[in-house]
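Structure record follows, encoded as structure tokens.
The values are calculated or read from the model by the stated rules, or taken from the named source; none is laboratory data. The model shown is predicted, which means the values in this text are computed figures rather than measured ones. With ideal geometry, Cβ positions are generated from the backbone for all residues, glycine too; neighbour counts draw on all protein chains shown. With ligands, DNA and RNA removed, areas are computed over all heavy atoms of the protein, side chains included. Shrake-Rupley method; radii C 1.70, N 1.55, O 1.52, S 1.80 Å.
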Amino acid sequence: MRALITGGKGFVGHWLAAHLKDSGDEVVAMDIETDIANGPAVRKVVAEAAPEAIYHLAAMTHVGESWENPSEVLRVNVLGTAELLAAARALATPPKVLVVSSAEVYGTVSPQQLPLGEETPTAPATPYAASKLAAEAVALQAWRGYGQPVIVVRPFNHIGPGQSPNFAVPALAKRIVEARRAGVGSLRVGTLTTRRDFTDVRDVVVAYRSLILHGSAGTIYNVCSGRDVAIAEVADELLALAHAELELVIDPALVRPVDVPVLRGDAGLLHATTGWSPSIPLATTLADVLSSWEAD
């Protein structure tokens, strides 16, 4: 299968490209050298690639930074999705398109709503989440209005080696390694009570390809582990793995304006459709993340 990955040189794109190649697919990557919201530029890349499948990963993905530049987040995440889908429709044989949304679209939920299924009401609490829900609407309209073969995925938090320290888990790992090397006794951190549903990125990309092969167009799928873990537990595991004794000190500057307290998903629909379930334990993922920073 010939596949085009937007955001193909990013964290998830790197792992997805490797998985697709290992599976025998031919891969073309589109990254920041092409503005995803520039229609003519996107149409040129898509026409030249002539893909059978498109994995739409390109986006502004940092939740915290979305508060500072919400209009740019909307431009890239919403208009970019619209331009990509238009370019795909222009091909003689429109490819199947996997549009990557986010579990952040569920917003602040009550314990009674957990685990979150695809039918759970959405209530975005951040500019990033609002942009992703709008991108979902664009994608599903393309299915309803044009019959375009589009699938939407809502991945919950995914982590692994190579992830930017702009995100909580790699930031913790990086700071722990740096603090240990510097011989300091404390570490500034953000909110530790937040609970998230973590999946290894190497499992996530397997789910994406499985949905391209077996998923139903016009359908939304959660991609998650079904288990929520507190950031405090992640920090403790990283400290233990690093053999580091550090006092964690909450720094208000690292606390987001709005932080969804808990997210835990239900991937039952994905499992029923593809047979997918996560295979890499969180402890293994955290060890690999820490090792990647220790190697730097």
(request) Determine, at each q value in 0.13, 0.16, 0.17, 0.34 (inverse angstroms), the log₁₀ of I(q)/I(0) that the Debye formula gives when each Cα of the range 1-43 is one equal point scatterer. (result) -0.28, -0.41, -0.46, -1.12
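Label the range 60-113 by shape, choosing from rounded, prolate and oblate, from the square roots a ≥ b ≥ c of the eigenvalues of the Cα gyration tensor; if a/c is under 1.5 it is rounded, and otherwise prolate applies when a/b is larger than b/c, oblate when it is not.
Values: a/c = 4.13, a/b = 1.62, b/c = 2.55.
In terms of gyration-tensor shape, oblate.
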(request) Can you check what the Kirkwood hydrodynamic radius comes to for the range 255-296, Cα pairs only, in Å to one decimal? (result) 13.6 Å
(message) As an exercise, identify the GluC sites (Glu not before Pro) in the range 99-176 lying in DSSP coil whose Cβ has no more than 13 other Cβ atoms within 10 Å.
(response) 119
(message) What is the ratio of the Cα radius of gyration of the range 68-144 to 2.2 N^0.38 Å, with N the residue count, to two decimals?
(response) 1.24
(request) Would you calculate a helix-derived [θ] at 222 nm for the chain, using -39,500 (n - 2.57) for each DSSP H run of n ≥ 4 and dividing by the full residue count, to the nearest 500? (result) -12500 deg cm²/dmol
(request) Could you look at the chain and say what percent of its accessible area is carbon and sulfur, using a 1.4 Å probe and all protein chains? (result) 54 percent
(message) So if the hydrodynamic radius of the chain is defined as the Kirkwood radius over C-alpha pairs, what does Stokes-Einstein give as its diffusion coefficient at 25 °C and 0.890 mPa s, in µm² per second?
(response) 125 µm²/s
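Above 21 Å lies some portion of the pair distances; for the range 176-296, what is it as a whole percent of all C-alpha pairs?
Numbers: 3678 of 7260 pairs.
Taking all Cα-Cα pairs of the range 176-296, the fraction more than 21 Å apart is 51 percent.
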(message) Taking amide H atoms as placed 1.01 Å from N in the peptide plane, list the residues 5 or more away in sequence, or in a different chain, whose amide H sits under 5 Å from that of residue 30.
(response) 5, 6, 7, 8
(message) Pairs on different chains or at least eight residues apart, Cα atoms closer than 21 Å: how many lysine pairs in the chain fit?
(response) 7
(message) I'd like the Karplus ³J(HN,Hα) series for the range 106-113: coefficients 6.51, -1.76, 1.60, θ = phi - 60°, whole numbers in Hz, and an x wherever there's a Gly or Pro.
(response) 6, x, 7, 10, 8, x, 5, 8
(message) Given the options 248, 153, 280, identify the residue whose Cα lies farthest towards the positive end of the charge dipole of the chain (+1 on Cβ of Lys, Arg; -1 on Cβ of Asp, Glu).
(response) 153
(request) Averaged over every viewing direction, what's the projected area of the C-alpha convex hull for the range 88-226? Give it in nm², one decimal, please. (result) 10.5 nm²
(message) Could you tell me the center-to-center distance, by alpha carbons, between the range 3-41 and the range 224-293 in angstrom?
(response) 26 Å
(request) Tell me which residues come under 5 Å, amide H to amide H, from residue 217 once H is placed; ignore anything under 5 positions away on its chain. (result) none
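So for the range 1-98, considering every pair of alpha-carbon atoms, how many percent are separated by more than 23 Å?
Working: 1070 of 4753 pairs.
When all Cα pairs of the range 1-98 are counted, 23 percent exceed 23 Å.
What whole-number value in Å² describes the accessible area per residue of the chain for a 1.4 Å probe?
Numbers: 12450 Å² over 296 residues.
I get 42 Å² per residue for the chain.
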(message) Running a GNM on the chain with Cα contacts under 10 Å, which residue among 272, 137, 29 ends up with the highest mean-square fluctuation?
(response) 272
